[in-house]
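The values are calculated or read from the model by the stated rules, or taken from the named source; none is laboratory data. Quick caveat: nothing in here was measured; it's all calculated off a predicted structure. As a convention, Cβ positions derive from the backbone with ideal geometry for all residues, glycine included, and neighbour counts pool all protein chains shown. The area values use the complete protein model at the heavy-atom level, side chains included, leaving out ligands, DNA and RNA. Shrake-Rupley method; radii C 1.70, N 1.55, O 1.52, S 1.80 Å.
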Amino acid sequence: MEFTRLMSRCPLPYDSDRGAEGRALFSQIAGPTADLLEGTAGCSPYLLGLMQKEAGWLPSALEQAPEDALAGVMAEVRAAADGDLETVLRQGKRRVALLAALADLSGVWPLLEVTGALTDFADLAVDRAMKAALAREIRRGKLPGATEKDLATGAGMVALAMGKMGAGELNYSSDIDLICLFDESRFAPEDYHEARTSFIRATRAMAKMLSDMTAEGYVFRTDLRLRPDPSVTPVCLSMEAAERYYESVGRTWERAAHIKARPCAGDLAAGARYLKMLTPFVWRKHLDFAAIEDAHDMRLRIRDHKGFHGPIVLEGHNMKLGRGGIREIEFFTQTRQIIAGGRDPELRQRETLPALQALAEKGWVPEDVRASLTDHYLFHREVEHRLQMVNDAQTHDLPKSPDGFDRLAAFMGRTDVGALRAEITERLEQVHSLTEGFFAPDAPGAAPAADAISASSEAVVDRWWTYPALRTERAQRIFKRLRPEILRRLARAARPEEAVIHFDGFLKGLPAGVQLFSMFEANPQLIELIVDIATSAPELAQHLGRNSQVLDAVIAGDFFTDWPGLKPLVADLAERLAGLPDYEARLDGARRWQREWHFRIGVHHLRGLIGAEEAGAEYAQLAEATLRALSPHIVAEFARKHGPMPGRGAVVLGMGSLGAARLHSRSDLDLIVIYDAQGVESSAGKRPLATRPYFARLTQAFVTALSAQMAEGRLYEVDMRLRPSGRQGPVATALQSFQNYQENEAWVWEHLALTRARAVAGDAGLAADIDTFRVAFLPRAGADRARVLREVQEMRARLAEAKPAKGAFDAKSGAGRLQDIELTAQTCALLAGSAAQSVRGQLEAGCAAGVLTPAQARDLLAAYHLMWHLQVAGKLLTDGALEPETLGEGGLAFLLRETGQESAVALQASLTAHSERASAVTEAILRLK
């Protein structure tokens, strides 16, 4: 018999009565196999029960190789009729559990084969249960358009195995974590809700079949709570809805969870496509330090919640979540994968041990650490299995009594209980030491990098030792180890001498160094962040040098948290300004606050934590938050001299890119101010002013508050040329005058600008009235199609003459570039009478009105997407003409990453091709018919 031939050890009986019962049950079996059965029965009431249930099947199974016996069980499950499936699955689970236990205890299967067998059966069980539930839906006509032929692919439904099941590492009594999705593209829009309801029913029926405890037992406890926002979402979601969730609010722990995600049942191909779409969410292209902070915080929360702090006490110690447990090894591995897996696809392993191996091969984990953690992981999992085999309990706790440890030792084939206890303790301590050190490792000594920099840079480097950050012996000692790597990285820049100077500016501004240098040493990737900033985006490095307090947020962990959104930003700045003593202090405070967040967006973008779309939205929200929080203080300061605003006051309209909620790092703000005095002729204050000069001077104060150069710099440059009558008109316009001007005097270009107007500060009621007028007026403004097209053609020609492209890589100016596409989109919105403010929304409105075709809109959007990514990335690097050959290695890599191109040559070719197609579309739209 195969079990007998390969058996390496047998557990010793613990309960002699149960052991005798097991031996009697199989009296026809003799030799070591009988000893194995007797010992297993003696140690585990649960396994004895399985033997009793399967007494008729087990002897024949033991005559086969365990792989063959397992294959027979799987075949029976595959062949079972749907009506018998509930019973057959439970019988199959009993047999697989018994086979796995005996193969494990006898040494026939190593750990990974045991976990693999349990996972394979789980995959099959989920697939059969899902398709049985779907078959019922199809027979009842509840799944639109689906037939029995669709069952082979789950009719578009897929179950993603998560956690240990996804990694093929199910333990002996695991529950299974699933995320259930359906491919909404397989259904017509009008059938979506009916299909969704059907899939939800099928998911519930599947989980019930797997989880319910019957007289035959259960199959797997099934947990569906790893799906997006499980408290408010159904048990089965569309792939589109799930993708949208992860792209907008997905958290680091959800990224880590998806490392192990695997399609296991239903439409496996659709599941694979879905996971591929999530690749940018899970695997960031650059090193992700927020993952370190999040993993560390999660470990601390688990310890706090479970009370796992303090020295290890074996009685009741949790082998999974406790100090030195399995989860420590998994966190250690997954966090390193999250950090580096975006750059290196070979690190994207689902299984824990292969992932550790890959990390070691790529230098992210020392080989001795990998070997040690691998050995400990296998031991921990063996202990976990023995604990769970006793009563089929999902437990990870060590026994609390001497008898319990006696049973565990017997079940592990160990005769010396004291030695086992000592070994468990030592292994837990070693795992804790190795994984805790992940957050504060000892940095190895490094040889001097004498050849890394030029002689002309040596004088700059030599003066580093005189800076405040290096005034203590400890700071000097740490920095001495870091210095060679810093210099080597600086030397790799296209302009090393400039990079050294920029890094010098950063270092000079640091008030102290021990904490920061220790962080560099614990997280060497952070060195790359600082050096990348210096070599790729010098202005960000200069900001670091002048504003070392920004790094406090980095060290504290706040710097890499998710973007908070507009309302929290407004509240944060308002709270900060309220605590400052006077108006000038508030203006400076607003500048400090805005620069910190502005810097944060730039670093997140540079490091690949966000893309150009997110950066554009965040820059715009930052500007709007600044205007909203600061404007009450500007108004209050002005009112202190001249009295409160007459009537309903004023509203600030964001025009252009701010109105479209899309800025880059160097955008100025296009603003106009509209007021409604409601017939009040003057203010009432110490020095009252007539209404018109009151709002004119208030507007000037507003512009000054934003653009004046103060000790903390300026907030924004402000452009008010889009106001009625441009430079010749008043800086603030009465509501009635604004409406009359738009109706009777405005040029087409002013109507185009109105399509993107949006209130960003001021009285909410007045803002609503202005937008009501805008929405009602735009259809009238675009009614004369010939006039609109003629004036847009003329405007386009003037722009081409006045603002030609500054070079081949100018994303803004020129035919088919950003400005041209935005002009086309505004034209579409005007002709369609649409109030849409974004380029996409305006083009969609144009399509709906027949101004352009969907194919033309796709060409414009594709060109706009490329140009926008180039513009946002380019402006982060330089305010001059963009010349890739002068950017340096880091800057060019960033630019190519953001535009999705392989080289500067490829980027130029793509720009040319897209702009030509976009220009052709614009010319076709503007052609008078």
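Quick notes
- Every condition in (1) over 22 Å from Glu240 (Cα atoms); (2) at pLDDT below 95; (3) open to solvent by 10 Å² or more (accessible area, probe 1.4 Å) holds for Tyr172 except the one numbered (3).
- Asp668, sole failed condition from (1) out of contact with any strand residue (DSSP E or B) (no Cβ under 6 Å at 6 or more places or on another chain); (2) of a type in the set (Asp, Glu); (3) surrounded by fewer than 17 Cβ atoms within 10 Å (Cβ to Cβ); (4) closer than 25 Å to Gly602 by Cβ: (1)
- First in region 168-183 and in contact (Cβ under 8 Å) with a residue 60 or more places away in the chain, second anywhere and open to solvent by 10 Å² or more (accessible area, probe 1.4 Å) and among the basic types (Lys, Arg), Cβ under 7 Å, 6 or more apart: Asn171/Lys164; Ser174/Lys164; Asp175/Arg221; Ile179/Arg227
- If the condition is being more than 19 Å from Lys320 (Cα to Cα), hydrophobic (A, V, I, L, M, F, W, C) and at pLDDT below 95, then region 359-388 contributes Leu359, Ala360, Trp364, Val365, Val369.
- On the stretch given as region 752-769, residues that are within 23 Å of Val788 (Cα to Cα) and open to solvent by 10 Å² or more (accessible area, probe 1.4 Å) total 3.
- Unique match (being in contact with a Lys or Arg (Cβ under 6 Å, 6 or more places away or on another chain) and surrounded by 23 or more Cβ atoms within 10 Å (Cβ to Cβ)) among Leu877, Leu818: Leu818
Conditions tested, residue by residue: (1) in a helix (DSSP H, G or I); (2) more than 25 Å from Asp820 (Cα to Cα); (3) among the aromatic types (Phe, Trp, Tyr); (4) more than 26 Å from the chain's Cα centre (by Cα).
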residue: Ala623; (1), (2), (3), (4): yes, no, no, no
residue: Phe638; (1), (2), (3), (4): yes, yes, yes, yes
residue: Ala650; (1), (2), (3), (4): no, yes, no, yes
residue: Leu653; (1), (2), (3), (4): no, no, no, yes
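- Scan of region 243-258 for residues that are in a loop (DSSP other than H, G, I, E, B) and exposed (fewer than 14 other Cβ atoms within 10 Å of the Cβ), ordered by number: Arg251
- Pairs with Cβ under 6 Å, 6+ apart, first in region 591-612 and in a loop (DSSP other than H, G, I, E, B), second of a type outside the set (Asp, Glu) and surrounded by 19 or more Cβ atoms within 10 Å (Cβ to Cβ): Arg607/His286; Gly608/Arg284; Gly608/His286; Ile610/His604
The rows are residues; the columns are (1) surrounded by fewer than 21 Cβ atoms within 10 Å (Cβ to Cβ); (2) over 38 Å from the mean Cα position of the chain (by Cα).
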| residue | (1), (2) |
| --- | --- |
| Gly83 | yes, yes |
| Ala101 | no, yes |
| Asp104 | no, yes |
| Trp109 | no, yes |
| Ala132 | no, no |
| Arg139 | yes, yes |
| Thr147 | yes, no |
| Lys164 | no, no |
| Gly168 | no, no |
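- Residue count for region 221-242 under the criterion of being over 19 Å from Ile338 (Cβ atoms) and open to solvent by less than 40 Å² (accessible area, probe 1.4 Å): the result is 13.
- The listed residue being more than 21 Å from Ser667 (Cα to Cα), surrounded by 21 or more Cβ atoms within 10 Å (Cβ to Cβ), touching a residue at least 60 places away in the same chain (Cβ under 8 Å) and aliphatic (A, V, I, L, M), out of Ala786, Ala829: Ala829
- For region 259-281, the tally of residues that are outside any strand (DSSP E or B), touching a strand residue (DSSP E or B) at 6+ places or on another chain (Cβ under 8 Å) and closer than 21 Å to Gly116 by Cβ stands at 6.
- If the condition is being assigned to a helix (DSSP H, G or I) and under 15 Å from Cys43 (Cβ atoms), then region 397-419 contributes Asp403, Gly404, Phe405, Asp406, Arg407, Leu408, Ala409, Ala410, Phe411, Val417.
- Restricted to region 891-907, and to residues there that are surrounded by fewer than 15 Cβ atoms within 10 Å (Cβ to Cβ) and either not in a loop (DSSP other than H, G, I, E, B) or not acidic (Asp, Glu) (or both), the residue that is farthest from the chain's Cα centre (by Cα) is Val905.
- The number of residues in region 195-227 that are within 19 Å of Ala393 (Cα to Cα) and in a helix (DSSP H, G or I) comes to 2.
- Residue within region 349-369 that is under 21 Å from Arg607 (Cα atoms), open to solvent by 30 Å² or more (accessible area, probe 1.4 Å) and in a helix (DSSP H, G or I) present: no
- Flag for Val731 being of a type in the set (Val, Ile, Thr) and in contact (Cβ under 8 Å) with a residue 40 or more places away in the chain: yes
- Any hit, region 265-273, residues being over 26 Å from Phe187 (Cβ atoms), open to solvent by 30 Å² or more (accessible area, probe 1.4 Å) and in contact (Cβ under 8 Å) with a residue 24 or more places away in the chain: no
- Residue in region 762-776 that is in contact with a helix residue (DSSP H, G or I) (Cβ under 6 Å, 6 or more places away or on another chain) and not in a helix (DSSP H, G or I) present: no
- Search result, residues across region 657-712 that are more than 19 Å from Pro724 (Cα to Cα) and assigned to a strand (DSSP E or B): Ser682, Ala690, Met710
- Unmet requirement for Ala409, which otherwise passes all of (1) surrounded by fewer than 16 Cβ atoms within 10 Å (Cβ to Cβ); (2) without any contact (Cβ under 8 Å) to a residue 12 or more places away in the chain; (3) touching a helix residue (DSSP H, G or I) at 6+ places or on another chain (Cβ under 9 Å): (1)
- Residue match in region 859-867 (condition: part of a helix (DSSP H, G or I), without any contact (Cβ under 8 Å) to a residue 12 or more places away in the chain and in contact with a helix residue (DSSP H, G or I) (Cβ under 9 Å, 6 or more places away or on another chain)): yes
- Checking region 672-686 against the condition returns a match, with at least one residue being under 45 Å from the mean Cα position of the chain (by Cα) and more than 15 Å from Gly647 (Cα to Cα).
- Subset of region 848-858 [open to solvent by less than 40 Å² (accessible area, probe 1.4 Å) and part of a helix (DSSP H, G or I)]: Ala857
- The residue pairs whose first member lies in region 560-579 and is more than 14 Å from Pro632 (Cα to Cα) and at pLDDT 95 or above, whose second member is surrounded by 14 or more Cβ atoms within 10 Å (Cβ to Cβ) and of a type in the set (S, T, N, Q), and whose beta carbons are closer than 6 Å, counting only pairs six or more residues apart or on different chains, are Leu566/Gln621.
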